[in-house]
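A.B. asks: What follows is a structure written as structure tokens; I'll ask about it next.
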């Protein structure tokens, strides 16, 4: 339904990614263009470089959740790390509507401008909370770090914002001064989510956020993600190897294999009528 509506209006994507490529290794003259690789191949047979993402293209619209699913090594986590500037892309472009009217490629911007984009326009929730949180800081201190990085210095305002966010993710305020290393995995993920929301970014990146959690804890985290999407109308990219999680949350789904996008569309369409043999295998495993 969302795509039908968008086909009749000229809504600007919140995020537009075009021809994104990511190579690990020095590369050589023969693999300058990774599309020469065999359909199932990611490794250059001449220099041994590995292409983690190959010609990835997609749009993300305001208030939608775009699910990215695929097996380990498919390139889905590398993709979101590139978008958050954790990894440097090899080639390609991305435009954010909230950044200079979407006219400039964020990957071509200076290091200073990339820090601005990270601190104001993007929020990242990692699979491993130890990557997204400073465990020696308090829960409130982690949120304060994000706020200070964006130029907020008023102690009272920072404390109030941290309290508001922790309450929103159901962390007892009595634990605002406690270090996340003392928390359970599910609570650590919720602190990560509160930190990512600190500056009201229009885009959230979520990388395998429920992996390793107990089923009951997974359910609470997934409910929280859905509530955030509804309340703040934020666009989300949700990476998962679990098609069940994608089915529960994603409006649209993109399937990756071997660094390539092999299929994308409305989640219902992907689940009910998958076209690619690999997607059919994924859906079959979900239903089995």
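The values are calculated or read from the model by the stated rules, or taken from the named source; none is laboratory data. Quick caveat, the model's predicted, so the values are computed rather than measured. As a convention, Cβ positions derive from the backbone with ideal geometry for all residues, glycine included, and neighbour counts pool all protein chains shown.
A.B. asks: Can you name the helices (runs of 4 or more DSSP H) wholly within segment 76-188 that have at least 3 residues being touching a residue at least 60 places away in the same chain (Cβ under 8 Å) and surrounded by 15 or more Cβ atoms within 10 Å (Cβ to Cβ)?
C.D. replies: Answer list for segment 76-188: 76-83.
A.B. asks: Looking only at segment 267-288, decide whether some residue is within 19 Å of the chain's Cα centre (by Cα), touching a residue at least 40 places away in the same chain (Cβ under 8 Å) and part of a strand (DSSP E or B).
C.D. replies: no
A.B. asks: Among (1) modelled with pLDDT of 95 or more; (2) under 17 Å from the mean Cα position of the chain (by Cα); (3) under 19 Å from residue 67 (Cβ atoms), which single condition is residue 225 missing?
C.D. replies: (1)
A.B. asks: Output the residue which, of all residues in segment 16-35 that are at pLDDT below 90 and touching a strand residue (DSSP E or B) at 6+ places or on another chain (Cβ under 8 Å), is nearest to residue 47 (Cα to Cα).
C.D. replies: My answer is 31.
A.B. asks: State all residues of segment 35-67 that are within 15 Å of residue 18 (Cβ to Cβ) and assigned to a helix (DSSP H, G or I); if no residue qualifies, say none.
C.D. replies: 35
A.B. asks: Could you list, in sequence order, the residues of segment 210-221 that are more than 17 Å from residue 165 (Cα to Cα) and in contact with a helix residue (DSSP H, G or I) (Cβ under 6 Å, 6 or more places away or on another chain)?
C.D. replies: 210, 213, 217
A.B. asks: If I ask for residues that are touching a helix residue (DSSP H, G or I) at 6+ places or on another chain (Cβ under 8 Å) and in a helix (DSSP H, G or I), which ones from segment 230-266 would you list?
C.D. replies: 243, 244, 245, 246, 247, 248, 249
A.B. asks: Can you report the number of residues in segment 40-55 which are touching a strand residue (DSSP E or B) at 6+ places or on another chain (Cβ under 9 Å) and without any contact (Cβ under 8 Å) to a residue 12 or more places away in the chain?
C.D. replies: 1
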